[in-house]
Amino acid sequence: MTEIKNKDIKVCGFTIVRNAEKFDYPVVESIKSILPVCDCFIVSVGNSSDRTLEMIKSIDSKKIIIMETVWDDNLREGGRVLAVETNKALDAIPDEYDWAFYIQADEVVHEKYLDEIRKQMIRNVDDKLIEGLLLKYEHFYGSYNYVCDSRKWYRREIRIIKNDKEIRSWGDAQGFRKNGRKLNVKLIDACIYHYGWVKSPDKQQQKQRSFHRFWHPDEWLKTKVTPSEKYDYSGIDSIKLFEGTHPSVMQKRVENQNWEFNFDIKMKNMNWLNKLFYFFEKLTGMRLFEYRNYNLKK
């Protein structure tokens, strides 16, 4: 095992957000969850029609630096505007920082992982072969009691990268690449809790209508997005009960959930091939033909 050096590192967190209040993003909780391992945190606040800017300003930390930006709503192909805005925040990180810790406005890190995250940043900061750290994921769905467990939900993604300006947000800002190639990353024993699919059905429907605009033209939206006022959560393929604890910053949201969602976890809304893949993964821990936007290094 590589010895951990007693080394000072500098870490800058960064995120983008727009209309967090309107669409009920837990962005304040998201930022607070990783502030303890960050020396600085850049929040790029897009032009919003609600109190998003005031929400960010309410965070009581001198680490926070706010950038106000205007999103180009014409960049709708493949969610490109999300990567463009992410790169604006990434470019604002000063060269003195070793690591850039990216977190999306609906992602939260449990405090139990912070020590391991910092340990791995220290351990890998001087390793030229490692360009980023790969984190595991839990995708919550419908309520705070269920998580997705089918192959349609990504298991891992890059959220911590070296402060290298040749590294760019890729696609719709889900991951990163360097000069178009996949990053060399190390998988660490830490997890991102993704709460993007835990909202009241009316808020989720509002979010879906808005979010699809980052990918599709208005004609597509008219035919593909249901006119219902409430999102139908019942179409999920497979979920299971969540047996852990939520991050401390999320406790108030968990306690204040004001809608009901129940699901028969024995139900598997999949075709026979996906059922085969599903049960193979449960038996072996292997995900066949998994898409990876990274090169995994030992």
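General observations
- Members of the range 231-258 that are among the charged types (D, E, K, R), in contact (Cβ under 8 Å) with a residue 12 or more places away in the chain and more than 23 Å from Lys152 (Cβ to Cβ): Arg253
- Within the range 112-127, restricting attention to residues that are under 21 Å from Asn293 (Cβ atoms) and not polar (S, T, N, Q), the residue that is surrounded by the most Cβ atoms within 10 Å (Cβ to Cβ) is Ile117.
- Filtering the range 45-82 to residues that are farther than 19 Å from Lys207 by Cβ and of a type in the set (Gly, Ala, Ser) leaves Ser58, Ser61.
- Strands (runs of 3 or more DSSP E) fully within the range 158-202 counting 1 or more residues that are closer than 21 Å to Lys22 by Cα: 184-197
- Residue pairs meeting the criteria (Cβ under 7 Å; at least 6 apart or on separate chains; first within 11 Å of Gly196 (Cα to Cα), in the range 15-35; second at pLDDT 95 or above and small (Gly, Ala, Ser)): Tyr25/Ala105; Val27/Ala20; Val27/Ala105
- Among (1) in contact with a strand residue (DSSP E or B) (Cβ under 9 Å, 6 or more places away or on another chain); (2) at pLDDT 95 or above; (3) of a type outside the set (Ser, Thr, Tyr); (4) not in a strand (DSSP E or B) - the single one Lys240 does not satisfy: (4)
- Residue within the range 205-223 that is in contact with a helix residue (DSSP H, G or I) (Cβ under 9 Å, 6 or more places away or on another chain), in a loop (DSSP other than H, G, I, E, B), at pLDDT below 95 and basic (Lys, Arg) present: no
- The set of residues from the range 32-70 being among the small types (Gly, Ala, Ser), within 15 Å of Ala20 (Cβ to Cβ) and part of a loop (DSSP other than H, G, I, E, B) comprises Ser48, Ser49, Ser58.
The values are calculated or read from the model by the stated rules, or taken from the named source; none is laboratory data. Just so we're clear, the structure is a prediction, and the values are computed from it rather than from any experiment. Please note: Cβ atoms are built from the backbone with ideal geometry, for glycine as well, and neighbour counts cover all protein chains shown.
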